[in-house]
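Scroll down for the structure; my scribbles are underneath it.
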Amino acid sequence: MTRNVVDIVVDSPEAMRDMGRRLAALLRAGDLVMLSGELGAGKTTLTRGLGEGLGVRGAVTSPTFVIARVHPSLGDGPPLVHVDAYRLGGGLDEMEDLDLDVSLPESVIVVEWGEGKVEELTDDRLHLRIHRAVGDTSDEVRHVRVTGLGQRWAGADLGALSA
Ligand SMILES: Nc1ncnc2c1ncn2[C@@H]1O[C@H](COP(=O)(O)OP(=O)(O)OP(=O)(O)O)[C@@H](O)[C@H]1O
Ligand SMILES: [Mg+2]
């Protein structure tokens with residue numbers, strides 16, 4: 001499968017949010033974004049910026065009980081579906097109730113903790129892996145590896161995500 005990979009250093013929560021805003025400019029309805037990284041890596045912070053960039057209604061938060069939240073567009077863009085799959089077990093079966101396959105064509109879907117759970121939705125995925133590297137001088141530094149999978153992302157300018 002075609003891969004398009006870019007590495008980005010993000011040195012603060014504000015910078016992560018800004019990257020989310022820039023990510024919005026690359027996305028359109030039908031896109032699936034997977035976010036990985038340990039607890040507190042910055043997945044929701046990035047999604048908050050993405051919601052701002054897409055111009056959707058409602059603040060993106062870390063939901064305590066809700067697994068998926070739909071943020072409708074305030075304009076004529078696609079809604080943002082924000083999924084936090086942390087509490088879900090494995091397999092797309094367990095996600096079936098969310099009907100992500102139904103909403104994907106007209107939405108941008110972002111999934112935290114989605115590995116092994118949502119890949120069956122589409123072969124075209126943008127995967128962002130957020131790491132804290134050992135030895136960084138500031139504990140706010142994050143290293144983000146962005147991988148675009150499939151034809152959709154083959155020629156995309158992922159470098160546009162860096163500041
Ligand atoms: N460079 C950075 N990027 C993002 N967040 C950062 C950064 N540096 C520090 N932080 C802090 O780390 C925390 C990230 O929290 P956030 O909820 O975004 O993480 P998460 O990956 O969604 O975690 P969870 O797996 O619990 O959902 C925030 O408190 C944020 O202020
Ligand atoms: Mg989160």
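The values are calculated or read from the model by the stated rules, or taken from the named source; none is laboratory data. Note that the coordinates shown come from a computational prediction; the quantities given were computed from them, not determined experimentally. With ideal geometry, Cβ positions are generated from the backbone for all residues, glycine too; neighbour counts draw on all protein chains shown. We work out accessible area using only protein heavy atoms, side chains counted, and drop any ligands, DNA or RNA first. Shrake-Rupley method; radii C 1.70, N 1.55, O 1.52, S 1.80 Å.
Odds and ends about this structure:
- Here residue 19 clears all of (1) of a type outside the set (S, T, N, Q); (2) more than 16 Å from ligand 1 (Cβ to nearest atom); (3) not in a strand (DSSP E or B) except the condition numbered (2).
- Verdict on residue 60 being within 13 Å of ligand 1 (Cβ to nearest atom), open to solvent by less than 40 Å² (accessible area, probe 1.4 Å), in contact with a Ser or Thr (Cβ under 8 Å, 6 or more places away or on another chain) and within 23 Å of residue 14 (Cβ to Cβ): yes
- Residue list for segment 68-123, filter: within 16 Å of ligand 1 (Cβ to nearest atom), part of a loop (DSSP other than H, G, I, E, B), open to solvent by 20 Å² or more (accessible area, probe 1.4 Å) and of a type in the set (A, V, I, L, M): 88
- Of the residues 30, 55, the single one that is more than 9 Å from ligand 1 (Cβ to nearest atom), out of contact with any His (no Cβ under 8 Å at 6 or more places or on another chain) and either without any contact (Cβ under 8 Å) to a residue 60 or more places away in the chain or of a type in the set (A, V, I, L, M) (or both) is 55.
- For segment 23-50, the set of residues classified as open to solvent by less than 70 Å² (accessible area, probe 1.4 Å), part of a helix (DSSP H, G or I) and out of contact with any Lys or Arg (no Cβ under 9 Å at 6 or more places or on another chain) consists of 23, 24, 26, 43, 44, 47, listed by residue number.
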